[in-house]
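Structure, as structure tokens:
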Amino acid sequence: MDLIQGVRAAESSFVEMIWNACSLRAGSFMSQAASTWEIVFTKFEGKTLIAARGPETKASRADFPADIECWGITFKLGAFMPHLPVKALLDRQDMILPEASRNTFWLHGSAWEIPTFDNAEVFVNRLVRQGILMRDPEVEAALQGQPPTLSPRSMQYRMLQATGLTHKTIQQIERARRATELLKQGTSILDTAFQLGYFDQAHLTHSLKRFIGQTPAQIACTA
């Protein structure tokens, strides 16, 4: 494999996962749509680049060079930093967080030590304690399917601020990812479409090509 990846769960309720990867040689992969955002640390040619990377609303091919090492913190849907507008980071419009020294970087006016794959939770906990990373209870309730207590316009504003996406787009992305899981588990294409409420097989195919970058048949074949 050109890219070797690892993932581990996180204890923090603000974090979806912590991941790392390294490349043996240059290559590319299909980057699938995702409704979450992350901070990515990339070590290449002796330097570490820190970037805030937003959600992806469509699948696209991503290239990577040889001999890189990277790790990242993927935040749970609804976790956000008020000073860092997630909607400005969509579809690889990454924000580079400037280096403060060899081992630190600037975030929200302060120098922060670059976390490692193993101690990322310490970094996240400090962000939460200092009020830099937070969650919106109204957005969390809406994402869990609870009826909103705000007006539709206010709810839409809060959702965009916290996630960078509309609720409808989030639902479409998450449904496509769930469909991928079912197909890989051996569920038939027709049953997958029926279980997840797609109009028909053509609707499922269109969604997966847009968000996952593969047709249902291609996904099922790689299971």
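None of the figures in this text is laboratory data; all of them are computed from the coordinates on show. None of these values were measured; they are calculated from a predicted model. Methodologically, a virtual Cβ is constructed for each residue, glycine included, from the backbone with ideal geometry; neighbour enumeration extends over all protein chains shown.
Select from region 134-155 the residues that are exposed (fewer than 15 other Cβ atoms within 10 Å of the Cβ) and either on the phi > 0 side of the Ramachandran plot or in a helix (DSSP H, G or I) (or both) and list them in ascending order.
Hits for region 134-155 are Pro137, Gly145, Pro152, Arg153, Ser154.
Please tell me if Ala79 is within 15 Å of the chain's Cα centre (by Cα), under 19 Å from Ser23 (Cα atoms) and not charged (D, E, K, R).
Working: within 15 Å of the chain's Cα centre (by Cα): yes; under 19 Å from Ser23 (Cα atoms): no; not charged (D, E, K, R): yes.
Spelling it out, it is not the case that Ala79 is within 15 Å of the chain's Cα centre (by Cα), under 19 Å from Ser23 (Cα atoms) and not charged (D, E, K, R).
Could you tell me how many of the residues in region 95-130 are of a type in the set (S, T, N, Q) and closer than 20 Å to Glu69 by Cβ?
Here is the first cut: in region 95-130, the ones of a type in the set (S, T, N, Q) are 101, 103-104, 110, 116, 119, 125, 130.
With the extra rule that they be closer than 20 Å to Glu69 by Cβ, the set shrinks to 101, 103-104, 116, 119.
Counting residues in region 95-130 that are of a type in the set (S, T, N, Q) and closer than 20 Å to Glu69 by Cβ gives 5.
Can you tell me how many residues within region 15-73 are farther than 23 Å from Gly213 by Cβ and among the hydroxyl-bearing types (Ser, Thr, Tyr)?
Result for region 15-73: 1.
Taking only region 31-76 into account, find how many residues are assigned to a strand (DSSP E or B), within 11 Å of the chain's Cα centre (by Cα) and either farther than 25 Å from Ala100 by Cβ or not basic (Lys, Arg) (or both).
Here is the first cut: in region 31-76, the residues assigned to a strand (DSSP E or B) are 31, 34, 38-44, 47-53, 56, 60-64, 69-75.
Now restrict to residues that are within 11 Å of the chain's Cα centre (by Cα): 31, 34, 38-40, 52-53, 56, 72-75.
Filter once more, keeping what is either farther than 25 Å from Ala100 by Cβ or not basic (Lys, Arg) (or both): 31, 34, 38-40, 52, 56, 72-75.
The qualifying residues number 11.
Picking from Thr104, Thr116, Thr149, Thr166, which residue would you name as being of a type in the set (Ser, Thr, Tyr) and under 19 Å from Thr74 (Cβ atoms)? Write out each step before concluding.
Numbers: Thr104 fails: under 19 Å from Thr74 (Cβ atoms); Thr149 fails: under 19 Å from Thr74 (Cβ atoms); Thr166 fails: under 19 Å from Thr74 (Cβ atoms).
None of the other options fit; the residue is Thr116.
For (1) surrounded by fewer than 17 Cβ atoms within 10 Å (Cβ to Cβ); (2) closer than 20 Å to Arg129 by Cα, each residue gets a yes or a no:
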residue	(1), (2)
Gly6	yes, no
Ala10	no, yes
Ala21	no, no
Gln32	no, no
Phe41	no, no
Pro55	no, no
Ala59	no, no
Ala66	yes, no
Phe80	no, yes
